[in-house]
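Trainee: The structure under discussion is supplied below as structure tokens; questions concerning it will follow.
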Amino acid sequence: GAVVSQHPSWVICKSGTSVKIECRSLDFQATTMFWYRQFPKQSLMLMATSNEGSKATYEQGVEKDKFLINHASLTLSTLTVTSAHPEDSSFYICSARDLRLVPRTGELFFGEGSRLTVL
Amino acid sequence: DQQVKQNSPSLSVQEGRISILNCDYTNSMFDYFLWYKKYPAEGPTFLISISSIKDKNEDGRFTVFLNKSAKHLSLHIVPSQPGDSAVYFCAASFSSNTGKLIFGQGTTLQVKP
């Protein structure tokens, strides 16, 4: 199946700093990527939809100025957590759809996730 | 407002037996449902999906059943294997063409040898 890769897998940062997480589709082009967040023992929650060449679409309650999303190419989307605070500590997961497979399954392919810990 | 609910946080079954994971939803506009499997510190991996126009979809050991009148779906794993031990998430969407998935809270399945 299609492969989506995230980097870094783990990141620890000090409060007030910014952290960038990369999401790449390795063997397909993705005009749209999706960023999810998972808190411990909770469900995955969609944060925003990343659109290549245009602004991201944020879900209700997600601060667009805090979670900056850039989708500069068809294979790369980045999420920057700006001025991170301990409450931003979470598991961030990106996903993308391989349109060659759609509509057969409609499935999303997820990256490995990035664990952010803000001290 | 939790639109997709998995009311059982955990399930334990013996190897070789059937595992049944349940999921309920509240929004009748959902028309596409998926099951994902997730290991700790990894992203979810797709298992199986079903369109609302069907009531059953089977793929190897995995079968998903959809009961629209009850707004309920279930995942059956037969026979269960120790390697199936993971967290299982059900997810729903308004179309097979959208990447916006609404996830349940997940059920941790443990398959004992």
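Trainee: Test A:Tyr58 against the criterion of being farther than 29 Å from B:Ser52 by Cβ and either modelled with pLDDT of 95 or more or surrounded by 13 or more Cβ atoms within 10 Å (Cβ to Cβ) (or both), and give yes or no.
Mentor: Details: farther than 29 Å from B:Ser52 by Cβ: no; either modelled with pLDDT of 95 or more or surrounded by 13 or more Cβ atoms within 10 Å (Cβ to Cβ) (or both): yes.
Against the criterion (farther than 29 Å from B:Ser52 by Cβ and either modelled with pLDDT of 95 or more or surrounded by 13 or more Cβ atoms within 10 Å (Cβ to Cβ) (or both)), A:Tyr58 does not qualify.
Trainee: Give the residues of segment B:38-80 that are more than 23 Å from B:Pro113 (Cα to Cα) and aliphatic (A, V, I, L, M), sorted by residue number.
Mentor: B:Ala41, B:Ile48, B:Ile50, B:Ile53, B:Val64, B:Leu66, B:Ala70, B:Leu73
Trainee: Six or more apart or on different chains, Cβ atoms under 6 Å: show the pairs whose first residue is in segment B:61-78 and part of a strand (DSSP E or B) and whose second is among the polar types (S, T, N, Q).
Mentor: B:Val64/B:Asn57; B:Phe65/B:Ser74; B:Ser74/B:Asn22; B:His76/B:Thr63; B:Ile77/B:Ser19
Trainee: Which condition number does B:Ile53 fail, the rest of (1) crowded, with 16+ Cβ neighbours inside 10 Å; (2) farther than 25 Å from A:Gln42 by Cβ; (3) free of Cβ contacts under 8 Å to residues at least 40 places away in the same chain being met?
Mentor: (1)
Trainee: In segment A:11-43, what residues are under 17 Å from B:Pro44 (Cα atoms), at the interface with chain B (Cβ under 9 Å from one of its Cβ atoms) and assigned to a strand (DSSP E or B)?
Mentor: Those that are under 17 Å from B:Pro44 (Cα atoms), at the interface with chain B (Cβ under 9 Å from one of its Cβ atoms) and assigned to a strand (DSSP E or B): A:Met33, A:Phe34, A:Tyr36, A:Gln38.
Trainee: While we're on this one: Just to be sure before I move on: is B:Pro79 over 10 Å from the mean Cα position of the chain (by Cα), of a type outside the set (Lys, Arg) and within 11 Å of chain A (Cβ to nearest Cβ) in the structure I sent?
Mentor: Answer is no for this residue.
Trainee: For B:Gly43, only one of the following conditions fails: (1) within 14 Å of another protein chain (Cβ to nearest Cβ); (2) within 28 Å of A:Tyr92 (Cβ to Cβ); (3) in contact (Cβ under 8 Å) with a residue 40 or more places away in the chain. What is its number?
Mentor: Unmet for B:Gly43, out of (1) within 14 Å of another protein chain (Cβ to nearest Cβ); (2) within 28 Å of A:Tyr92 (Cβ to Cβ); (3) in contact (Cβ under 8 Å) with a residue 40 or more places away in the chain: (3).
Trainee: Right, here's the next one. Mind listing just one residue for me: the one in segment B:10-36 that is in contact with a Leu (Cβ under 7 Å, 6 or more places away or on another chain) and either away from chain A (no Cβ under 11 Å) or not in a strand (DSSP E or B) (or both) and, of those, surrounded by the fewest Cβ atoms within 10 Å (Cβ to Cβ)?
Mentor: B:Leu11
Trainee: Right, next: Quick check on this structure: which one of A:Leu108, A:Leu74, A:Leu119, A:Leu46 is within 14 Å of chain B (Cβ to nearest Cβ), within 21 Å of A:Pro8 (Cα to Cα) and more than 12 Å from the chain's Cα centre (by Cα)?
Mentor: A:Leu108
The values are calculated or read from the model by the stated rules, or taken from the named source; none is laboratory data. A quick note: this is a predicted structure, and the numbers were derived from the prediction, not measured. Note that each Cβ is placed from the backbone with ideal geometry, even for glycine, and that neighbours are counted across all protein chains shown.
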